[in-house]
Amino acid sequence: QTQTNRVDLDLFVDNERARRAYEKLGFIVEGRLRDYHRSVDGRIRDALIMSILRKDWEKRHPPLAVENPGSSA
């Protein structure tokens, strides 16, 4: 088991599809970074920072029950 307490990411501000997907997983927007990324076409663009904490992940995604491999069902 990992000891990771926080996962964060950044994405272009206009990437609504990705933002909605991350929000469904429980990530929240923490802020906006102005002129943060240079896109493939050379434009400098703003980014959003999103994160989720371990405690928030565990509330939304409880651990799966693991069966004992030695038991017979």
> Being of a type in the set (D, E, K, R), surrounded by 13 or more Cβ atoms within 10 Å (Cβ to Cβ) and at pLDDT below 95, is that true of even one residue in region 55-69?
Replying inline: yes
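Among residues belonging to region 1-45 that are small (Gly, Ala, Ser) and more than 24 Å from residue 60 (Cβ to Cβ), point out the one that is modelled with the highest pLDDT.
42
The values are calculated or read from the model by the stated rules, or taken from the named source; none is laboratory data. Predicted model, so just to flag it, every value in this text is computed and none were measured. Cβ coordinates were reconstructed from backbone atoms using ideal geometry, including for glycine residues, and neighbour counts include every protein chain displayed.
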